[in-house]
Amino acid sequence: MTKVKQKVKKKPSKSEKSKKKVVKTKLENVNISETKKEIILCFCAHNDDQVIGAGGTLAKYTAEGKEVYTYIFSYGESSHPHLHREVIVKTRVAESQAADKIISGSGIFHLGLKEGSFIKEIEERGFKERIKKIISEKKPTKIFTHSQDDPHPDHRAVNKIIREVTAQVRCKCDLFSFDIWNFWLAKGRRRPMLVVDITTTFDQKIRAIKAHKSQKMALITMIPATYARSIINGLNHHYRYAEVFYKIN
Ligand SMILES: [Zn+2]
């Protein structure tokens, strides 16, 4: 008698088996419909700005399963006036892709606009519509770009364009600015801040900056400056290394 009872307990009936299958299928369906990942966009002027300004944060978001797409306005050809344009473009694209791989980004795209004429070119070549389309289709939760008081005119131009476009498409995202050259001036700002603990991704940030090998002179000053800024931001907010952004929309 006992043996029979045990057998009955172990073997599920046909109806139980089919119930299990249904539940499994339902769960699979739920998973498929809920796989839409959070999307973060980054717009910048040159192809090392995103890692200098937000590399640790972007790497942290990708580690959390978010998708990060970066759009670079120029190829940065003015940094090598003695080289042929094709050589610079090839080098800088390869370097930015290597950097994007280090932070596990979902893609890096170059708009190929001429440095010093972003505002003029963006209108003339229809790039404003293209950026509007990108933002409308991607539906990001956050966008990162340059600050409006950055001393570099191309950085300020990107800030102006992205502020205009996000307002025009009524993006429901949070728009944050990062700083490249005005490390210390940003202190006096009175805007909501986003402070990100980048202790676990700081190494990726440094490696992604170093991936821009052709920027030898910039790297000499940028690496120590990145350490200094990340440590000071960290001390101010009780982390080892931190990045700080200002909300601008
Ligand atoms: Zn730049």
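The table below gives the values:
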{"item": "Prolate/oblate/rounded label for the range 103-157 (Cα gyration tensor, a/c 1.5)", "result": "oblate"}
{"item": "Long-range Cα-Cα pairs in the range 72-137 (distance over 17 Å), rounded percent", "result": "50"}
{"item": "Asp203, Asp48 arranged by Cβ crowding within 10 Å, fewest neighbours leading", "result": "Asp203, Asp48"}
{"item": "Average silhouette area of the range 60-109, convex hull of alpha-carbon atoms, in square nanometres", "result": "3.5"}
{"item": "Three-way shape label, the range 93-249, alpha-carbon gyration tensor, a/c 1.5", "result": "prolate"}
{"item": "Per-residue Cβ neighbour rank within 10 angstrom, fewest leading, Thr226, Thr221, Thr200", "result": "Thr221, Thr200, Thr226"}
{"item": "Entries in Lys101/Lys133; Lys37/Lys133; Lys66/Lys120 that, when Cα-Cα distance is taken, lie over 23 Å", "result": "Lys101/Lys133; Lys66/Lys120"}
{"item": "Taking Phe176, Phe109 and counting other C-beta atoms within 10 Å, the order from fewest to most", "result": "Phe109, Phe176"}
{"item": "Cα gyration tensor shape of the range 45-178, rounded if a/c is under 1.5, else prolate or oblate by comparing a/b with b/c", "result": "oblate"}
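Coordinate-derived values only; no laboratory data. The model shown is predicted, which means the values in this text are computed figures rather than measured ones. Cβ atoms come from the backbone with ideal geometry, glycine included; neighbour counts cover every protein chain shown.
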